[in-house]
Amino acid sequence: MLPSQDDHADHMTEEQLVPLLPVQVYARPHVLQQIRGPLSPQIIELRGDQLIIGRNPDVDIRIPSAALSRHHLRLDKYQGGYRAVDLDSSNGFFLNEIRVSSAALRDGDTIQLGNAVFVYHEGK
Amino acid sequence: MGFYVRFWGTRGSIPTPGRTTHRYGGNTSCVEIRFDDALFILDGGTGLRELGVDLMRRPQHPVVAHMLFSHMHWDHIQGFPFFTPAYVPQNTFTIYGATSGDRRFHQLLSGQMRSEYFPVDFSALHSHIVPSDLGELSARTLDGVLVRCFVQRHPGGSFAYSLEKNGHRVVYATDNEIDLTLPDPSVVQRDLLAPRAIPSEFIEFCRGADLLICDGQYTEAEYPSKVGWGHPRATTVVDAAVQAAVKQLAIFHHDPMQSDDDIEQKIGDCRSRARRLGSDCLIFAAREGVELRLDTPLTP
C-alpha cells in the first residue's frame, strides 16, 4: 500500500532519556609470536614501557639459548607501538634479515635474535 | 660509539602520511650518520623535524652537526624551518657547499624562510649556522671523517656524498637519474633483464661501500613516463650496486604513489635482479625509524 499523506505528518520529536549501555572495549595488545628457537611456538603479549629480551634470569622475556646475549634487545614503548634497540649483543638483532641496531617495529616484522625468531604483531 | 646510520625520512618528492605508507614512512629525505661523536645530517626533508625532536631529548648538548645537502628541491629542505635545535643558541650547524666558496645552500635555506614562504624569519634561528664548503677538491676531513662529493644527474644538479672513517664507508646518492647516464641506454630497450653498464666514475665513487643509500624511486613500469624527472629505475640502481660491489644497498626516495606493498614488490624485483646478476649484495628498502650499525658483521 502506498503511504498516505498522514504518514509523513510532521510530529514533534519527544525527548527521551536513554541510558547508555555498558560497552566493553577490547584492546588487543602488541604481541611477539615466537616461531623458532627455544620455547617456540609461543605468543608473548607486550605490556609495559620497557621490556628486555635475553637469556639472563632477570629479563622480562627470557629465551634460554647460548646464542642470545644475557641482555640482548630492549623494547621501548614508542609512538603507540614499540621500538627495538640492540643492547650491543654479540650476535646482533636482525629485522627482516637485515642487521639493524634499532627500529620502530611494524606489523609483520620478523625479528631474529640468535636462533630465536619472532614475528611482531601490532595491537589495536 | 660506532658507525651508525638512521633513516628519518625516506620518501621522495612530497610527504605521504597515511595507512598505506605506515611501514616505510611518509617523511621526505633525511638521514643521520654518526661516526663516534661526529654527527652528520644528510638532507633536511620533513624527516629532519623528528630528528630535531630526538636530538633535543638526547643527553649530548650542545648539538653540533655537519649538514650536507644533495640539492635544494623542496623535499630536501622543508624540514629545516621546523628543526628545533636550530633555534637553540648553544648549538652549531655547519652547512657545506660542494665546491670552494659555494654558499648557495646556506643562502637558499635562509631564502625559504622569507615571509612569502614561512612566518618565522631565518634570523629567529639563534643557533650558530655557519656556511662552509668542501674545498677545491670537493673532499675534506671533518671530525676525522673523510667526506667526498660527486656531481649527479638531476634537473638543477645534485650531489652524492661519501663518508669514510676507519675503513668503513657509507655513500648517500639520492636524486640521481642514473638511467640517463648509461653509456648504452639502448640495452634497456633490447632486454630489460640484460646487465646495464653504469658510468665508471659513479661506480668508483661507490666501490666497496658498506652501505649505498641510493635513489631508487621508480619501477620498470613507472619509469618510461617519468624520463627526465631526475630519478632512476630501482633496477638500474641494483646494477650500480652490483658493479660497485657494495655490501648493502638501501633503496631510497620512494615514489609518493607507492604504497608499502608496492615498495615491497619493488624490493623483491631488485633482489631477484641481484641474484640473477650473481650478487650477494643485501638489498632493502630504506625505512623511517630504522638505524643500522655498519661496523658490525652483516650476517648472523
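For this structure, a couple of remarks:
- Checking B:Ile95 against (1) in a strand (DSSP E or B); (2) open to solvent by 60 Å² or more (accessible area, probe 1.4 Å); (3) touching a helix residue (DSSP H, G or I) at 6+ places or on another chain (Cβ under 9 Å), the condition it does not meet: (2)
- If you go through the stretch B:23-39 and keep only what is in a loop (DSSP other than H, G, I, E, B) and either β-branched (Val, Ile, Thr) or modelled with pLDDT of 95 or more (or both), you end up with B:Arg23, B:Tyr24, B:Gly25, B:Gly26, B:Asn27, B:Ser29.
- Options B:Pro62, B:Pro85: the member that is open to solvent by less than 10 Å² (accessible area, probe 1.4 Å) and away from every other protein chain (no Cβ under 14 Å): B:Pro85
- Given (1) modelled with pLDDT of 95 or more; (2) among the hydroxyl-bearing types (Ser, Thr, Tyr); (3) not in a loop (DSSP other than H, G, I, E, B), index of the condition B:Ser110 fails: (1)
- Any hit, the stretch B:71-79, residues being at pLDDT 95 or above, open to solvent by 10 Å² or more (accessible area, probe 1.4 Å) and part of a strand (DSSP E or B): no
- For the stretch B:98-107, residues that are in a loop (DSSP other than H, G, I, E, B) and on the phi < 0 side of the Ramachandran plot total 5.
- Test: residue in the stretch B:216-232 that is touching a strand residue (DSSP E or B) at 6+ places or on another chain (Cβ under 9 Å), in contact (Cβ under 8 Å) with a residue 24 or more places away in the chain, surrounded by fewer than 24 Cβ atoms within 10 Å (Cβ to Cβ) and among the polar types (S, T, N, Q): yes
- When the stretch A:43-64 is limited to residues that are under 20 Å from A:Glu122 (Cβ atoms) and not in a strand (DSSP E or B), the one that is least open to solvent (accessible area, probe 1.4 Å) turns out to be A:Leu46.
- Just one of (1) among the polar types (S, T, N, Q); (2) more than 14 Å from chain B (Cβ to nearest Cβ); (3) open to solvent by 100 Å² or more (accessible area, probe 1.4 Å) fails for A:Ser40. It is (3).
- Just one of the numbered conditions (1) buried (at least 18 other Cβ atoms within 10 Å of the Cβ); (2) within 13 Å of chain B (Cβ to nearest Cβ) is not true of A:Gln34: (2).
- Scan of the stretch B:28-54 for residues that are on the phi > 0 side of the Ramachandran plot and open to solvent by 10 Å² or more (accessible area, probe 1.4 Å), ordered by number: B:Asp36
- In the stretch A:18-42, the residues that are farther than 19 Å from A:Gly123 by Cα and part of a strand (DSSP E or B): A:Arg36
- Enumeration of residues in the stretch A:27-43 that are farther than 16 Å from A:Gly114 by Cβ and in contact (Cβ under 8 Å) with a residue 24 or more places away in the chain: A:Ala27, A:Arg28, A:Pro29, A:His30, A:Val31, A:Gln33
- The one condition from (1) open to solvent by 10 Å² or more (accessible area, probe 1.4 Å); (2) under 19 Å from B:Phe35 (Cβ atoms); (3) at pLDDT below 95 that B:Leu134 does not meet is (1).
- In the set B:Thr10, B:Thr20, only one residue is open to solvent by 50 Å² or more (accessible area, probe 1.4 Å) and modelled with pLDDT of 95 or more; that residue is B:Thr20.
- Within the stretch B:68-120, tally of residues that are aliphatic (A, V, I, L, M) and either farther than 18 Å from B:Ser158 by Cα or free of Cβ contacts under 8 Å to residues at least 24 places away in the same chain (or both): 4
- Selection status of B:Pro155, in contact with a helix residue (DSSP H, G or I) (Cβ under 9 Å, 6 or more places away or on another chain) and not β-branched (Val, Ile, Thr): no
- Note on the stretch B:235-270: residues that are over 22 Å from B:Leu180 (Cα atoms), surrounded by fewer than 19 Cβ atoms within 10 Å (Cβ to Cβ), out of contact with any Leu (no Cβ under 9 Å at 6 or more places or on another chain) and among the charged types (D, E, K, R) amount to 3.
The values are calculated or read from the model by the stated rules, or taken from the named source; none is laboratory data. This one's a predicted model, so the numbers in the text were calculated from it and none came from an experiment. Positions of Cβ are backbone-derived with ideal geometry, glycine not excepted, and every protein chain shown enters the neighbour counts. Ligands, DNA and RNA are stripped out before the accessible areas are found, and what is left, the full protein with its side chains, is counted by its heavy atoms. Shrake-Rupley method; radii C 1.70, N 1.55, O 1.52, S 1.80 Å.
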